[in-house]
Amino acid sequence: MALLTACSAGGGGDAEPDVPPTATGSLEQLATKAHCKPNIQTDAQELRQANCTTDDGRYVLATFASDRGQREWINEANDYGGSYLVGRKWVAVGEPNVVAALRGRLGGTVETASPHHSGSSGSGGSEAGHSGHHGS
């Protein structure tokens, strides 16, 4: 099982002062707020996913049609480890420093997952559906 930790935006006096309210909108609207011109990789009814490159680094931005679809995607992606910036029906995935910089523009909650296995699981199943989760 993957270890998952979260840090949410807002709250009491200990909250980071430069974290805005969590952004909402379409993939394109979120990309604009993140200063990214999205390179759309998946354009389906349930999931829209784009690669983004900014001065902060590379990341994947995904939007979902439902909360359930988002949670299922995150749960599966957690198998690979990594840092995720999570908002309402959207996720940004990248290196921790990139996710931290994005949080300053998009708000949201940072989730960090540790992979529960190393190497290949041998299943080969859905890894292609989550391109961009592996460091380059």
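Read the figures in this text as sums done on the coordinates, not as results from a lab. This structure is a prediction, so every number in the text was calculated from the model and none was measured. A quick note on method: Cβ atoms are made from the backbone with ideal geometry, for glycine too, and the neighbour counts reach across all protein chains shown.
Here are the numbers for the structure shown:
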| item | result |
| --- | --- |
| Spacing of the two label points (7 Å from each Cα toward its C-beta) at ASP55 and ASP67, in nm | 3.7 |
| Inter-site label distance for GLU46 and SER26 at 7 Å from Cα along Cβ, in nm | 2.2 |
